[in-house]
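Asks: Structure below; questions to follow.
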Amino acid sequence: MCGIAGLVNYGNSVSTSDAIKKMADVIAHRGPDDEGFFLSSESKDVTAFGQDTPVQIISSSIHYTPNESITSFHSEQFDVALAHRRLAILDLSPAGHQPMCNSDKNVWLTFNGEIYNYIEIREELMQLGYTFVTNTDTEVVIASYKQWGINCVNHFNGMWAFVIYDKKQGVLFASRDRFGVKPFYYYHDKNIFAFASEQKALVKMPFVKTEINTAATFDYFVMGQIEYEEEGMFKNVFELMPSHSFTYTFKNRDLKKWRYYELPNSSTSHQFNSKTESEIVEELRLLLLNSVRLRLRSDVPVGACLSGGIDSSSIVVMMSSLLGDKIKIPVFTACFDDKAIDESSWAKKVVDTTNVNWHRVFPTSAELLTDLENLMYCQDVPIWSTSTYAQFRTMQSVKENGIKVIMDGQGGDELFGGYPHHYIYYWRELLKNKQYGKLRSEISSYHSFPSNYAFFIKQYAKHIGIKKMPVAFQSAFNQWHFKEMHYLSKDFLAMHKERFELAIEKENASLNALLMSEFNSSLLKGYLKCEDRCSMFHSVESRTPFSDDKALVEYALQIPSEYKIKHSVNKYILREAMKPYLPNEIYHRKDKMGYATPNNRWITEVREGLKDVFNTYVCNEIIDCKKITVESEILFNIDQKPENGRVFKFVSFAIWQKLFFNS
């Protein structure tokens, strides 16, 4: 929806108005429709406009109308500043301008996201005596805070990251949605407390003291993890984690964080034992339809990403069913000339059975080379592989076709068991429960004998067995198995080898326990970060019905494992719930691709253009640039090697370092 930023200035070491304007400029792509500012000191409060604030907003009569240019306050000092960049989705009138306040002007809000049940909450608040002057969910957030205080977030269904300045209380109250769809970062030292939607809005500021966080870099290169902890790739820049809120008290500069929501423990799934499969299917179907229905609330057209997989296809067919013939839905598919990964034939089966307008995107390696710096800049941190580029180009096409809101299928795999390693955890669960007959049946029905048993052993070793080994063994194994590790400094690897111990997961006793972990704290968080950056870089709001609907998520994670993988069919219960809507071919589809790209071929094709990436500015204690230069032909000639994305990580990291530490 938008971009937010703000700061509390204690030391008067920076010009508050200049700093907040620069922070807003860095994230202008998140909200090109409007910009607004609120500045506060003991002596006065100011609402200000910028160069992108529409004239009709400046001339409007709303009580939070910006009345002076932000550039007018260069020589004045303010204690608090809030900024907002708006992507207009709900209430396109000037009344949707932010920062927004209550009628008393003592509670100010800068808000990014969508509260999908805002209509129901507004009606509840009206019954309590509240009046509303806009049709926005933003005003509902303010009224909810006035009514319920910091517990207002418990009433919300949606995605959000917001900060409320409560002038009477002398605090900032901030919150991030339950599952991390919308981003939030902050920085603080003795002189400054600052926050923003993206890290770049902080690290581009001269008052932010940062450097490369080598611990997070080790996790990125070796563990395949991107920012699982609060302090990510940028030292001293912290992420407010999903399901968390904080208050920042001005008087004593106290930051108090807490977790306001916990997913119910999946071990309570015995409550489903009395329900038949058909009852679960029916209830799940209703929850899925309601999640999509709420996310169709918009004052601008809503489109969808369509890969042809179960998740995105389910969203498109539900949208089509809910909208009927009233609206032709714009849908977008990434396509490739490689038949092994191209999914357009699957997507077409959905297109042919729904009322949609199909747009196809054809990314190439040459375009990837041209767009590499934009791709890394948009993501803020290094990325896994070129698959993010397919998403980047899809969102670019969404923008070029004039669509502001898109739905996507992130979260379906983590809710219903869609990844290959989920089979291993389910089979292990059957083994632990001594369900030997069912285990034999499930393994035997997975592809062909004996390759299915070989798959089980290999995947078990990869996802479970290796993590049980001593740290020294894990370190040695990684350097032996992944040859690209030889291009990392030996001292760097030795310095952080204890990170293997930190990465050891607690024992997941069931498939559902693993899914809860991946949904709530690891895999999905990274995918949602990529989703947000790719979409918002192109001024597109991405809505993810599987990822942030509280009722759906809680219900799905309680469904027993045996309904998620059955007869070696993954996402079984989702397929059954969507069976009346999906084309038969999609219902029976078993291969899993996602945003697949010809990663190895692309890297081989653009290797000449990548040679200059490893210049002196990336030669540090992390990467052995000399070895890369000498062995560049070996490193980049990976067309015939198994795809793992690790080579691209070096390219991604080098360009990221150039953009954020050498520019």
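Asks: Among the residues of the stretch 125-173, count how many are more than 28 Å from Asn290 (Cα to Cα) and assigned to a strand (DSSP E or B).
Replies: Summing the residues that are more than 28 Å from Asn290 (Cα to Cα) and assigned to a strand (DSSP E or B) in the stretch 125-173 gives 7.
Asks: OK, next. Can you tell me which residues in the stretch 273-295 are modelled with pLDDT under 95 and either outside any helix (DSSP H, G or I) or outside the structural domain of Val317 (by TED's automatic domain parsing) (or both)?
Replies: Matches in the stretch 273-295: Asn273, Ser274, Lys275, Thr276.
Condition check ((1) crowded, with 16+ Cβ neighbours inside 10 Å; (2) of a type in the set (A, V, I, L, M); (3) out of contact with any Ser or Thr (no Cβ under 8 Å at 6 or more places or on another chain)) across all residues:
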position: Ile327; (1), (2), (3): yes, yes, yes
position: Ala340; (1), (2), (3): no, yes, yes
position: Glu343; (1), (2), (3): yes, no, no
position: Val361; (1), (2), (3): yes, yes, no
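Asks: Does the stretch 509-519 contain at least one residue that is assigned to a helix (DSSP H, G or I), free of Cβ contacts under 8 Å to residues at least 24 places away in the same chain and surrounded by fewer than 20 Cβ atoms within 10 Å (Cβ to Cβ)?
Replies: Yes, the stretch 509-519 contains a residue that is assigned to a helix (DSSP H, G or I), free of Cβ contacts under 8 Å to residues at least 24 places away in the same chain and surrounded by fewer than 20 Cβ atoms within 10 Å (Cβ to Cβ).
Asks: Also, I was wondering about something else. Considering only the stretch 331-355, state which residues are touching a Leu at 6+ places or on another chain (Cβ under 8 Å) and aliphatic (A, V, I, L, M). Steps first, answer last, please.
Replies: From the stretch 331-355, those touching a Leu at 6+ places or on another chain (Cβ under 8 Å) are 331-333, 347, 350-351, 355; that's our starting set.
Across the stretch 331-355, the qualifying residues are Val331, Ala347, Val350, Val351.
Asks: Does Glu554 count as closer than 19 Å to Gly418 by Cα and charged (D, E, K, R)?
Replies: On the way: closer than 19 Å to Gly418 by Cα: yes; charged (D, E, K, R): yes.
Judged against the criteria, Glu554 is a match.
Asks: Pairs only if they're at least six apart or on different chains, beta carbon under 6 angstrom, first in the stretch 405-426 and in contact (Cβ under 8 Å) with a residue 12 or more places away in the chain and on the phi > 0 side of the Ramachandran plot, second of a type in the set (A, V, I, L, M) and part of a loop (DSSP other than H, G, I, E, B); list them, first residue then second.
Replies: From residues that are in contact (Cβ under 8 Å) with a residue 12 or more places away in the chain and on the phi > 0 side of the Ramachandran plot, the pairs are Gly417/Ile565.
Asks: Within the stretch 225-245, which residues are farther than 19 Å from Leu263 by Cβ and of a type in the set (Gly, Ala, Ser)?
Replies: Gly232 - this is the single residue of the stretch 225-245 that is farther than 19 Å from Leu263 by Cβ and of a type in the set (Gly, Ala, Ser).
Asks: From the list Asp413, Asp342, exactly one residue is modelled with pLDDT under 95 and closer than 27 Å to Arg601 by Cβ. Which is it?
Replies: When all the criteria are applied, what remains is Asp342.
Asks: So, one more: For the stretch 174-207, what are the residues that are among the β-branched types (Val, Ile, Thr) and either surrounded by fewer than 22 Cβ atoms within 10 Å (Cβ to Cβ) or assigned to a strand (DSSP E or B) (or both)?
Replies: Listed by number, the list holds a single entry, Ile192.
Asks: Still on this structure, I have one more. Given the options Ser75, Ser60, Ser69, name the one that is surrounded by fewer than 19 Cβ atoms within 10 Å (Cβ to Cβ) and in contact with a Pro (Cβ under 6 Å, 6 or more places away or on another chain).
Replies: After applying the criteria, what remains is Ser60.
Asks: Arg122 versus (1) of a type outside the set (A, V, I, L, M, F, W, C); (2) surrounded by fewer than 18 Cβ atoms within 10 Å (Cβ to Cβ); (3) over 29 Å from Ser517 (Cβ atoms): which is the lone unmet condition?
Replies: (2)
Asks: Turning to a different aspect of this structure: Within the stretch 216-232, identify whether any single residue is in a helix (DSSP H, G or I), in the same structural domain as Glu114 (by TED's automatic domain parsing), buried (at least 18 other Cβ atoms within 10 Å of the Cβ) and among the polar types (S, T, N, Q), and answer yes or no.
Replies: Yes, the stretch 216-232 contains at least one residue that is in a helix (DSSP H, G or I), in the same structural domain as Glu114 (by TED's automatic domain parsing), buried (at least 18 other Cβ atoms within 10 Å of the Cβ) and among the polar types (S, T, N, Q).
Asks: While we're looking at this one, here's another question. Can you say whether Leu372 is surrounded by fewer than 24 Cβ atoms within 10 Å (Cβ to Cβ) and among the hydrophobic types (A, V, I, L, M, F, W, C), as far as the supplied structure shows?
Replies: So Leu372 fits the description; yes.
Asks: What helices (runs of 4 or more DSSP H) completely inside the stretch 557-607 contain at least 2 residues that are touching a strand residue (DSSP E or B) at 6+ places or on another chain (Cβ under 9 Å) and closer than 30 Å to Trp384 by Cα? Walk me through how you get there before you give the answer.
Replies: Values: elements: 572-578, 584-587, 599-605.
Fully inside the stretch 557-607 and qualifying: 572-578.
Asks: A follow-up question, please. If only one of Thr354, Thr333 is in contact with a His (Cβ under 9 Å, 6 or more places away or on another chain) and surrounded by 19 or more Cβ atoms within 10 Å (Cβ to Cβ), which one is it?
Replies: Result: Thr333 is the single residue among Thr354, Thr333 that is in contact with a His (Cβ under 9 Å, 6 or more places away or on another chain) and surrounded by 19 or more Cβ atoms within 10 Å (Cβ to Cβ).
Asks: Further question: What number goes with the only condition from (1) of a type outside the set (Phe, Trp, Tyr); (2) touching a residue at least 12 places away in the same chain (Cβ under 8 Å); (3) farther than 28 Å from Glu518 by Cβ that Glu400 does not pass?
Replies: Every listed condition holds for Glu400 apart from (2).
Asks: Select from the stretch 597-616 the residues that are free of Cβ contacts under 8 Å to residues at least 24 places away in the same chain and under 19 Å from Phe392 (Cα atoms) and list them in ascending order.
Replies: Within the stretch 597-616, no residue meets the criteria.
Asks: Within the stretch 5-12, does at least one residue satisfy the condition of being in contact (Cβ under 8 Å) with a residue 60 or more places away in the chain and of a type in the set (Phe, Trp, Tyr)?
Replies: yes
Okay, residues lined up against (1) in contact (Cβ under 8 Å) with a residue 60 or more places away in the chain; (2) touching a Gly at 6+ places or on another chain (Cβ under 9 Å):
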{"residue": "Thr247", "(1), (2)": "yes, no"}
{"residue": "Lys256", "(1), (2)": "no, no"}
{"residue": "Val302", "(1), (2)": "yes, no"}
{"residue": "Asp311", "(1), (2)": "yes, yes"}
{"residue": "Glu343", "(1), (2)": "yes, yes"}
{"residue": "Thr354", "(1), (2)": "no, no"}
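Asks: Of everything in the stretch 375-414, what is aromatic (Phe, Trp, Tyr) and either surrounded by fewer than 24 Cβ atoms within 10 Å (Cβ to Cβ) or closer than 14 Å to Ala596 by Cβ (or both)? Give them in sequence order.
Replies: Those that are aromatic (Phe, Trp, Tyr) and either surrounded by fewer than 24 Cβ atoms within 10 Å (Cβ to Cβ) or closer than 14 Å to Ala596 by Cβ (or both): Tyr377, Trp384, Tyr389.
Asks: Within the stretch 397-448, take every residue that is of a type in the set (Gly, Ala, Ser) and not in a loop (DSSP other than H, G, I, E, B) and give me the one that is nearest to Gly303 (Cα to Cα).
Replies: The residue in question is Ser397.
The values are calculated or read from the model by the stated rules, or taken from the named source; none is laboratory data. Quick caveat, the model's predicted, so the values are computed rather than measured. Quick reminder, even Gly has a Cβ in these numbers, built from the backbone with ideal geometry, and neighbours come from all protein chains shown.
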